[in-house]
Every structure is written in structure tokens, then in C-alpha cells.
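Here's the structure, in C-alpha cells; my notes come after.
The values are calculated or read from the model by the stated rules, or taken from the named source; none is laboratory data. Only a predicted model underlies this, so the values are computations on that prediction, with no experimental measurement involved. Cβ: placed from backbone, ideal geometry, glycine included. Neighbour counts: every protein chain shown.
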Amino acid sequence: MYDLIIIGGGPAGITAATIAINQRLETLIIAERWGGQTTYTMQLEEMEGRETITGEALLDAFRRQLDYLDFARRFDTVTKVMPEEEHFVVETARGDCFEGRALIIATGAKPQRLNVPGEASLAGRGLSYSAATHASLFLGKDVAVVGNGRRAQWAAASLARKAHQVYLLAPEPLVTTPLASRLRQMENVEVAEGVMVKEIHGENFVEGIVVAMPDGQEREILVKGVFVKLARTPNSDLVREWVDCDSRGHIIVDVYCATSWPGVFAAGDVTLVSEQVLVHIGEGAKAALSAYHYLLMH
Ligand SMILES: Cc1cc2nc3c(=O)[nH]c(=O)nc-3n(C[C@H](O)[C@H](O)[C@H](O)COP(=O)(O)OP(=O)(O)OC[C@H]3O[C@@H](n4cnc5c(N)ncnc54)[C@H](O)[C@@H]3O)c2cc1C
């Protein structure tokens, strides 16, 4: 029986495992693979090689610690998690079965990509998936944000404070939020709804985005940056039936990363907390300490 089983090997899971092991908890981390989602060190024409993802270096150090501790990690897919009396049973695709007194769910979310020409080759060269990380690099420039939900609106509002002009290109009407009406009134934000992205172009760096407007006309918008902020799906299926989630499947947590089920904690993109490596390093650490406190009391 483990004290703590952590599911997920992204920033939240890796940090949680390191903290738990440092507290001498009998810990097992199970992940399909290390590292979770991709992060990019953004390069722009005028600032080749500028380092922006400070969380990555920290995460690497944590990951290296876990690489030595092979008894504490498994590369496998968790297929089932069941609550039992005072403990949890975790089953994997390879047929293993583990028991733990507490759980941290750090399984991340599935991002939605544009899947258009230019997306893969220009990622990190003006194309970003993280406004929180990269918006400040686009001071005084023209940029586009693709998406219609809360995250896209937040990115557009944040960029409007820094960029010269922001084009919010929404595939569907903007989700109704207080920010949506503010965005429509901002002088340097153009909101276009019902548009479809066809291509992102640029030789070495993003130079423009081609979209089909609602009337079918093609329009080319010259921008130096494109932020893709489409909806993502939290990987919460393992616990969704017995742990409280919101309507989109994010696991609901309190400020201690505790879920509605005693002994189950969650951290990272699987919750509603803002998506950034640096933030999720902190969330993972918090979840591990909360699980430790829970174990001390039970
Ligand atoms: C394309 C892209 C670019 C990004 N760029 C940046 C950036 O530049 N800067 C930045 O700060 N943030 C960036 N982000 C956001 C950042 O990557 C995420 O916020 C962060 O990785 C989330 O961490 P996490 O630990 O919650 O989950 P993830 O990193 O998604 O990791 C989830 C982990 O869970 C594992 N897992 C899932 N299901 C199971 C299962 N059933 N069994 C076993 N293991 C499972 C996966 O294998 C993985 O190890 C980007 C995101 C994307 C998609």
C-alpha cells in the first residue's frame, strides 16, 4: 500500500512527486510519459533565443530527481481508479494494480490545435499557445488570438494592454462573459466571429494569418503573433463519476487542491486553474503538501 499515488507526469505531477518523496511519503507516480504538453522558448525576429519559460529549468531539475528513483515511477496508462474503504485502487493498461491511501490527479487536458498549414512550423516562432507566458514579447505589435471562450477572451484582453492591434478571431460567437462586452468596446481590439482559420504564414517567423470570413471571403491579416486559445478537454474521466467536476469536466478543487472526495487532490490543467508551467509547478507542490497533511490526520 502506497501513501500517495500521483497520476500524471507533467509539471503538476512531477513537482507533486518530488515534494511527496522529500516528505518521505511512500509515493508512486504513474504517467504515460514524462513532461506533459509541449512548451516553447519563443523566438522572434528581433530577439533571437530570448528565454521565456523559466518554469522549464525548474521542472527539469525535479524530473532528474525522479529519474534516479525508479521504484517510485511507472510509465503506464491508468485505466481505472476506484475508491475503497479508506484507500484507492488504481489499475493500469499493463494489468498492474496499485493501492494508495491518497491520490493526486494531475492528468492535464487535451489541447485543441488548429491543424492548418503553418501551425507546426511556426510554433515558437510567433505562434504561441500561452498568452500568460508570451504576451509581453509582442509590445506594440499586431497579433491575432484564435478562439471564442473564456481563455481566448482573457488572452485578447491581456494582449490589448501590450500589443498595438489585436484581432480576436472567433470560430463561433464569443461566449457571453463580462470580458466579451469590454473587448467589443476596446479601441485596439477587432472581434470577428464565425471565421475559419485557413493558414498561418511566414518564412521564418509569423507574418500573417489567412481566414475565411462568415460571408466566405478570404482575408489575410498581417500579424507578428498568433495565439491559439481553443477549448481544451480536461482528462478527468478516471474520477468524473465520483469526484465533483464542472460542466466541462474540470475537477473542482479548493485552495488546497482538495476535491470533493476526501483523500483525492487534483492539480494542473485538469482543474480550472490557469494553464502555465510555472503555475502548475506551484499547484503540484500545494497538492502534495495537502495530501501529506491529510495523511498525517488519517
Ligand atoms: C501546444 C502547447 C504549448 C504550450 N506552451 C506553453 C508555454 O510555452 N509556456 C507555458 O508555461 N505553458 C505552455 N502550455 C501550457 C502547459 O504546457 C500546461 O499548462 C502544462 O503542461 C499543464 O501541466 P499538467 O501537469 O497539468 O498536465 P500535462 O503537462 O498535460 O501532463 C499530463 C500528464 O498526465 C499523463 N496522463 C494523462 N492521462 C493519463 C492516464 N490515464 N494515465 C497515466 N498518465 C496519464 C500524461 O502522460 C502527462 O504526463 C502549452 C500547452 C500546449 C498544449
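Out of the stretch 9-25, which residues are assigned to a loop (DSSP other than H, G, I, E, B) and within 18 Å of Tyr256 (Cβ to Cβ)? Explain how you work it out, then say what you get.
Step one: list which residues in the stretch 9-25 are assigned to a loop (DSSP other than H, G, I, E, B), which gives 9-10, 23-25.
Matches in the stretch 9-25: Gln23, Leu25.
Can you name the residue in the stretch 26-50 that is at pLDDT 75 or above and more than 8 Å from the ligand (Cβ to nearest atom) and, of all such residues, is farthest from Gly268 (Cα to Cα)? Working first, answer last.
Here is the first cut: in the stretch 26-50, the residues at pLDDT 75 or above are 26-34, 43-45.
Then drop every residue that is not more than 8 Å from the ligand (Cβ to nearest atom), which leaves 26-29, 43-45.
Working: Glu26: 22, Thr27: 19, Leu28: 18, Ile29: 15, Gln43: 26, Leu44: 28, Glu45: 32 Å.
Looking at the filtered set, the residue picked out is Glu45.
Matching residues to (1) closer than 30 Å to Glu199 by Cβ; (2) free of Cβ contacts under 8 Å to residues at least 12 places away in the same chain; (3) within 15 Å of the ligand (Cβ to nearest atom):
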position	(1), (2), (3)
Thr92	no, no, yes
Cys97	no, yes, yes
Gly100	no, no, yes
Gln112	yes, no, yes
Ala123	yes, no, yes
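Please find, among Val228, Val270, Val206, Val211, the residue that is within 10 Å of the ligand (Cβ to nearest atom), at pLDDT 95 or above and within 20 Å of Asn115 (Cα to Cα).
Values: Val270 fails: within 20 Å of Asn115 (Cα to Cα); Val206 fails: within 10 Å of the ligand (Cβ to nearest atom); Val211 fails: within 10 Å of the ligand (Cβ to nearest atom).
Going through Val228, Val270, Val206, Val211 in turn, the sole match is Val228.
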| request: Considering only the stretch 213-251, state which residues are surrounded by 13 or more Cβ atoms within 10 Å (Cβ to Cβ) and on the phi > 0 side of the Ramachandran plot. | output: Gly249
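Quick grid of which residues meet (1) more than 16 Å from the ligand (Cβ to nearest atom); (2) of a type in the set (D, E, K, R); (3) surrounded by 19 or more Cβ atoms within 10 Å (Cβ to Cβ); (4) in a loop (DSSP other than H, G, I, E, B):
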| site | (1), (2), (3), (4) |
| --- | --- |
| Asn115 | no, no, no, yes |
| Ala120 | no, no, no, no |
| His134 | no, no, yes, no |
| Gly140 | yes, no, no, yes |
| Arg151 | no, yes, yes, no |
| Lys162 | yes, yes, no, yes |
| Val166 | yes, no, yes, no |
| Leu174 | yes, no, yes, yes |
| Ala180 | yes, no, yes, no |
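Can you pull out every residue in the stretch 75-90 that is within 12 Å of the ligand (Cβ to nearest atom) and of a type in the set (D, E, K, R)?
Initially, the stretch 75-90 is screened for residues within 12 Å of the ligand (Cβ to nearest atom), giving 75-81, 90.
Result: Asp76, Lys80.
Taking the condition assigned to a loop (DSSP other than H, G, I, E, B), within 13 Å of the ligand (Cβ to nearest atom) and touching a strand residue (DSSP E or B) at 6+ places or on another chain (Cβ under 8 Å), does Glu283 pass? I'd like the intermediate steps shown before the answer.
Numbers: assigned to a loop (DSSP other than H, G, I, E, B): no; within 13 Å of the ligand (Cβ to nearest atom): yes; touching a strand residue (DSSP E or B) at 6+ places or on another chain (Cβ under 8 Å): yes.
Here the answer is no, as Glu283 does not meet what is asked.
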| field | Test: Ala20 is small (Gly, Ala, Ser), more than 13 Å from the ligand (Cβ to nearest atom) and at pLDDT 95 or above | value | yes
| query | Do you know which residues across the stretch 248-294 are closer than 20 Å to Gly149 by Cβ and among the hydroxyl-bearing types (Ser, Thr, Tyr)? | reply | Thr271, Ser274
